[in-house]
1. Does region 154-166 hold any residues that are touching a residue at least 24 places away in the same chain (Cβ under 8 Å) and either buried (at least 21 other Cβ atoms within 10 Å of the Cβ) or aliphatic (A, V, I, L, M) (or both), and which are they?
2. Taking region 260-307, which residues are within 16 Å of ligand 1 (Cβ to nearest atom) and either assigned to a loop (DSSP other than H, G, I, E, B) or of a type in the set (Gly, Ala, Ser) (or both)?
3. Would it be correct to say that Cys61 is assigned to a helix (DSSP H, G or I), away from ligand 1 (no atom under 16 Å from the Cβ), of a type outside the set (S, T, N, Q) and at pLDDT 75 or above?
4. Which one of Ser307, Ser255, Ser273 is at negative phi, more than 20 Å from the chain's Cα centre (by Cα) and touching a residue at least 24 places away in the same chain (Cβ under 8 Å)?
5. Scan region 39-75 for residues that are open to solvent by 30 Å² or more (accessible area, probe 1.4 Å), charged (D, E, K, R) and within 14 Å of ligand 2 (Cβ to nearest atom) and jot them down.
6. Taking Met130 as the residue in question, decide whether it is open to solvent by 60 Å² or more (accessible area, probe 1.4 Å) and within 16 Å of ligand 1 (Cβ to nearest atom).
7. Take region 159-175 and flag every residue that is within 23 Å of Val200 (Cα to Cα) and touching a helix residue (DSSP H, G or I) at 6+ places or on another chain (Cβ under 9 Å).
Amino acid sequence: MKSIIEHIRLLNCTWKQIFFSYFLLIAGSIAWTPIFSQQELAPEIILLGIAQDGGYPHIGCERMCCNLAHDSDTASTFVVSIALIDPKVKKWWLFEATPDMTEQLQLFKELTDGKYPYLPAGIFITHAHMGHYTGLMELGREALGAKGVHVHVLPIMADYLSSNGPWSQLVQLKNISLIEEKFDSAAVLSASIKVIPIQVPHRDEFSETSGYKIITSGLNYLFVPDIDKWSKWNRGLANELNDVDVAFIDGTFLSITELPFRNINTIPHPLISETMELLENEADSIKNRVVFIHFNHTNKLMWDRISQEELLERGYRLGKQGNRY
Ligand SMILES: [Zn+2]
Ligand SMILES: [Zn+2]
């Protein structure tokens, strides 16, 4: 008799345990499901290229840097551009139409398993230097013959494209449809993403130069591939880094020793060494937001392991083609 009661007690206890575990399981899955699915559906950025306008390898270069790229299938890289993805609405936007755009659209397709439309919902352009907009020609009559691809630009850039061939033909034939943006005014792309163009000091021969702040329901980003000097920028790099999680910024040249035959004052880019000096007193958590991009072919960060490790040790990040952020 005693043993039966003990059995029932034991059984009760077990049922309680089973019930409690079951409750925890259900409650846990209810609590975690939205967090997991939100993370899965948060916007993200894929880096589709890291080289400066002239690309890597670079035309006419017979030095070690570009020989390395010619000799290896994997060393060469595309010109800087990023893909901004909103998985919730199954759309994406391209930043910069580079001379490598054809390969970059293919790279995007492969990296995302063809889950997104071949063409982006829009292309944002920073300025009228060759690495940043000339890929638009691929959308024209002689190539894709695209219809009404949205191209987001600032007013002088819009005027430049509309009034100068061959770009004006893209506008006339409606291969592209220009969307004029304003500095400091947000373009709302979806419920999860807005993009704010911000003015950047740069040699503006044909257009103004924009950087972009990308505000999403997940991370916030800064995209400034070209700037003359941080000291000329009234917004301040450290200030801007406070506002974002990831900052893709101009890393064209590593140091002065890279260009022994050039006068540094004539080079309209911050050296990475200068940028690091500027941020020297910032916390590691701020430095770690920086992802350097837009490397000149002479920049050792493209191929030299020791230079790459030194940069990482100082708390900064190195843009890598194909990486997700
Ligand atoms: Zn550039
Ligand atoms: Zn080279």
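The values are calculated or read from the model by the stated rules, or taken from the named source; none is laboratory data. Given the structure is predicted, the values throughout are model-derived calculations rather than measurements. All Cβ positions, even for glycine, are placed from backbone atoms using ideal geometry, and neighbour counts span all protein chains on display. We work out accessible area using only protein heavy atoms, side chains counted, and drop any ligands, DNA or RNA first. Shrake-Rupley method; radii C 1.70, N 1.55, O 1.52, S 1.80 Å.
1. Once the filter is applied, which keeps residues that are touching a residue at least 24 places away in the same chain (Cβ under 8 Å) and either buried (at least 21 other Cβ atoms within 10 Å of the Cβ) or aliphatic (A, V, I, L, M) (or both), region 154-166 yields Leu154, Ile156, Met157, Leu161.
2. Ile267, Pro268, His269, Pro270, His294, Asn296, His297, Thr298, Asn299
3. no
4. Matching residue, one of Ser307, Ser255, Ser273: Ser307.
5. Glu62, Arg63, Asp71
6. yes
7. Result: Tyr160, Leu161, Ser162.
Conditions (1) more than 16 Å from ligand 2 (Cβ to nearest atom); (2) without any contact (Cβ under 8 Å) to a residue 60 or more places away in the chain; (3) more than 20 Å from His269 (Cβ to Cβ); (4) assigned to a strand (DSSP E or B), marked per residue:
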site	(1), (2), (3), (4)
Gly114	yes, yes, yes, no
Pro120	yes, yes, yes, no
Tyr133	yes, yes, no, no
Gly145	yes, yes, yes, no
His150	yes, yes, yes, yes
Lys182	yes, yes, yes, no
Lys194	yes, yes, yes, yes
His202	yes, no, no, no
Gly211	yes, no, no, yes
